[in-house]
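In what follows, a single structure is set out as structure tokens and then discussed.
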Amino acid sequence: MRLVVTGAAGFIGSHLCDRLVADGHTVVGLDDLSTGRLANLAAARKSKAFSFSNLDITRPELADVLAKERPEVVLHLAAQMDVRKSVEDPLHDTRTNVLGTVNVLDACVRSATPRVVFASSGGTVYGTPPKLPASERMVLHPASPYGSAKAAGETYVAAYQRLHGLAGCCLRLGNVYGPRQDPHGEAGVVSIFAGALLKRQPTRLFGDGTSTRDYVYVDDVVDAFLRCLGGKGDGRRLNVGSGTGTTVRALHTAVARAVSAPDAPEFAPARPGELHSIVLDVGQARRALGWEPTVGLEQGLAQTVDWVRTGR
Ligand SMILES: NC(=O)c1ccc[n+]([C@@H]2O[C@H](COP(=O)([O-])OP(=O)(O)OC[C@H]3O[C@@H](n4cnc5c(N)ncnc54)[C@H](O)[C@@H]3O)[C@@H](O)[C@H]2O)c1
């Protein structure tokens with residue numbers, strides 16, 4: 001297939017490009033390199049089936065690029081993805097994550113692109129859910145501009161499907177981790193712990209260590225995107241996580257074990273506004289996409305630690 005990936009030079013986008021090229025697709029990667037790195041695309045760029053365009057998704061030229069490339073699916077991952085930055089500078093977040101997403105959807109319609117898959121956020125759109133695991137049927141209560149922008153993006157995807165017939169699927173990703181992840185953002189804690197523990201530097205947990213997240217390995221997330229290419233996810237919003245909650249204390253223990261370092265974090269006060277716990281119910285993704293998380297935490301952490309150890 002001919003595909004466009006926005007946010008291609010980022011953590012998840014670059015893994016997605018690698019896999020799409022390996023599977024024989026023709027891929028155009030778009031990224032403004034604001035946080036992404038061309039080095040992440042070193043493998044994909046060796047293939048004739050991959051090309052890269054340095055482009056900001058909020059620019060009007062995006063429509064020209066899509067009109068020229070005529071993709072069958074746009075996989076939209078470009079975003080300002082740091083929750084704390086969205087609180088500090090909500091307008092910047094809105095520009096990229098809302099206006100940018102609308103511009104992507106509009107460019108899809110203008111170029112007669114039939115389908116879009118949108119990277120939403122299972123870790124932030126629900127806010128603090130009334131019970132765990134959070135299911136897609138729950139009302140959304142985002143508690144940050146980032147979460148609000150992702151929720152808005154989902155409603156635009158649905159509106160463009162109704163208004164223009166642009167088929168769309170929204171994948172609500174859990175806390176994605178794996179090689180190439182910068183130590184910032186929603187799930188950067190894995191690379192923060194791994195980097196510090198490998199250098200035998202102190203590590204710090206905010207709060208009492210009981211706060212819980214749904215850590216999902218990047219290859220499993222890539223697999224969920226791939227399963228949407230043919231239309232199985234059209235019209236749906238699907239949680240993509242491990243389905244299992246891991247406390248930050250248990251995560252520290254697991255990373256320390258993978259690194260063979262002492263498991264002795266320091267504790268600091270909880271950061272205001274931070275969500276306490278989220279775990280995603282992934283039953284709908286299982287049923288709709290035939291998707292299954294396959295990489296357990298121990299295996300995923302071992303691969304991530306290997307990457308951190310070998311100098312990133
Ligand atoms: N990593 C996670 O745990 C997680 C969880 C839920 C959702 N997501 C979503 O998945 C997507 C990918 O996240 P990631 O972890 O790979 O983050 P990332 O920051 O590594 O990747 C995002 C990419 O988008 C690019 N970008 C930012 N603004 C842009 C713009 N205006 N125009 C073009 N490109 C732009 C960045 O340069 C970067 O390469 C994002 O939409 C993010 O919100 C990530």
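General observations
- Restricting segment 113-155 to residues that are of a type in the set (A, V, I, L, M), closer than 16 Å to Arg213 by Cβ and surrounded by fewer than 19 Cβ atoms within 10 Å (Cβ to Cβ) leaves a set whose member that is modelled with the highest pLDDT is Leu132.
- Filter result for the condition that a residue is surrounded by fewer than 19 Cβ atoms within 10 Å (Cβ to Cβ), within 13 Å of Ala8 (Cβ to Cβ) and within 15 Å of the ligand (Cβ to nearest atom), over Leu41, Leu33: Leu33
- Scope segment 109-123; condition within 14 Å of the ligand (Cβ to nearest atom) and farther than 18 Å from Ala158 by Cβ; matching residues: Gly123
- Looking only at segment 163-206, and only at residues there that are of a type in the set (D, E, K, R) and assigned to a strand (DSSP E or B), the one that is nearest to the ligand (Cβ to nearest atom): Arg172
- Within segment 74-106, considering residues that are charged (D, E, K, R) and open to solvent by less than 60 Å² (accessible area, probe 1.4 Å), the one nearest to the ligand (Cβ to nearest atom): Asp82
- In the set Ser53, Ser47, only one residue is within 11 Å of the ligand (Cβ to nearest atom) and open to solvent by 20 Å² or more (accessible area, probe 1.4 Å); that residue is Ser53.
- Annotation: Ala151 fulfils all but one of (1) away from the ligand (no atom under 13 Å from the Cβ); (2) within 30 Å of His276 (Cα to Cα); the unmet one is (1).
The values are calculated or read from the model by the stated rules, or taken from the named source; none is laboratory data. Computed from a prediction, not measured in an experiment: that's the story for all the values here. Heads up, the Cβs are rebuilt from the backbone with ideal geometry, glycines too, and the neighbour counts pull from every protein chain shown. Heavy atoms of the whole protein, side chains included, go into the accessibility calculation; ligands, DNA and RNA do not. Shrake-Rupley method; radii C 1.70, N 1.55, O 1.52, S 1.80 Å.
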